[in-house]
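The values are calculated or read from the model by the stated rules, or taken from the named source; none is laboratory data. All values derive from a computational prediction rather than experimental measurement. Every residue, glycine as well, gets a Cβ built from its backbone with ideal geometry; the counts of neighbours run over all protein chains shown. The area values use the complete protein model at the heavy-atom level, side chains included, leaving out ligands, DNA and RNA. Shrake-Rupley method; radii C 1.70, N 1.55, O 1.52, S 1.80 Å.
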Amino acid sequence: MTASVPAAKVIDGKAFAAGLRARIADAVPAFSAATGRAPGLAVVLVGDDPASAVYVGSKGKATVAAGMESFEHRLPATATQDEVEALLAKLNADEAVDGILLQLPLPGHLDEQAAVATIDPDKDVDGLTPVSAGRLALGIAGMVPCTPYGCLLLLQDRLGDLSGKDAIVVGRSILVGKPMGQLLLGANCTVTMAHSRTKDLPGLVRRADIVVAAVGRAEMVKGDWIKPGAIVIDVGINRLPPAEGEAKGRLVGDVAYAEAADVADAITPVPGGVGPMTIACLLRNTLVAAHRRAGLADPEGF
Ligand code: NDP
């Protein structure tokens, strides 16, 4: 799929994430030597949604591969709000746990926001509690949602200083778009936040040096929306209907990849762009949370 795009234009998130994970694994022994224990990440899965079970499994494996402790907790789909919150409270109080991730979505009868809000903000490695969102908005050190943080790292790796860049974020979800906008603002970009009510989206995208697409609509952002030389970060993961003879449809992003790559300076592919950064940043957040909880300085270079 990426064959027609010159390698120099492809932002290889898979390779970047592998490097980040290796650096995290290298930093773990110093933490363990200082504290007598490895950083610990607890993942809570409620119900038996197969996709969520796969995500939880890969997070657990990546945690162990980085030399950290992984604690997996499963509750039945029938769990009550009180049971979920009681488990989260127990993990808040557990000294061996530095990070808590509540796998979303929760079964429909549960109140997600209320459950997330019970997580100790200092252990909120998904960056989704109201306190984490507030800290991000205020520019106070805290936990930042993993996917947008991964996008920021890819952008900084490609561009260095982002100061003064014109950036557009298409999508304003709590998980991706809003924190992405805050991070870009924090990096001194001039940020436009676009969403489903935005007028003249193509015109706004054409002005941007940096385009982050987090919409969930297959190939919506077209090549002729992209300013020549822009950097395009495609967060979207969409499965197309299967073509004839295919068992499963292809995965594509929110950007029409080949035509955007023709115009852009660089672009993330789907898959292999932003996706792999999410778990790597979860491990990064766990490492950072562990240092802060132990009263140590943040690890260098993360
Ligand atoms: P949401 O559905 O929560 O948000 C989508 C956003 O896109 C909304 O703000 C919506 O606007 C906006 N939008 C919808 N249609 C349009 C349109 N026609 N023009 C402009 N804006 C539009 O999605 P998420 O943020 O959770 O996810 C976005 C994509 O990123 C999905 O494909 C998801 O699978 C992927 N994703 C990938 C991750 C990764 O690890 N790579 C992690 C998380 C998500 P409005 O608010 O007005 O409704």
If the limit is 20 Å between Cα atoms, which of K178/K199; K90/K178; K9/K178; K61/K248 go over it?
K90/K178; K9/K178; K61/K248
Applying 1/(1 + (r/R0)^6) with R0 = 30 Å to the Cβ-Cβ distance of D161 and A297, what FRET efficiency is obtained, to the nearest 0.05?
0.80
Compute a Gaussian network model of the chain, connecting alpha carbons closer than 10 Å, and tell me which residue from G139, G216, G249 fluctuates the most.
G249
Are there cysteines in the chain with no second cysteine's Cβ under 4.7 Å away, and if so, which?
C151, C189
Quick one: what Rg and Dmax do you get for the range 26-115 from the alpha carbons, in Å?
14.1, 44
Per residue solvent-accessible surface (Å²) - the range 136-193, probe of 1.4 Å:
42
Rg(Cα)/(2.2 N^0.38 Å) for the chain, N = residue count:
1.01
Show V252, V10 ordered by accessible area, largest first, where the area counts protein heavy atoms only and the probe is 1.4 Å.
V10, V252
Probe 1.4 Å, all protein chains in place: accessible area of H109 in Å², nearest 10?
110
Not counting ligands, DNA or RNA, and with a 1.4 Å probe, what is T78's accessible surface area in Å² rounded to the nearest 10?
120
So which trypsin sites (Lys or Arg not before Pro) in the range 134-199 are both in a DSSP loop and have at most 11 other Cβ atoms within 10 Å of their Cβ?
R197, K199
Just read off the accessible area of T118 with the full protein assembly in place, 1.4 Å probe, to the nearest 10 Å².
40
If a/c stays under 1.5 just call it rounded; otherwise compare a/b with b/c (prolate if a/b is bigger, oblate if not). Do that for the range 212-302, with a ≥ b ≥ c from the square roots of the Cα gyration tensor eigenvalues.
oblate
Carbon and sulfur %, accessible surface of the chain computed with the full protein complex present, 1.4 Å:
55
Among M220, M68, M180, which one shows the biggest mean-square fluctuation in a GNM of the chain, springs joining Cα atoms closer than 10 Å?
M220
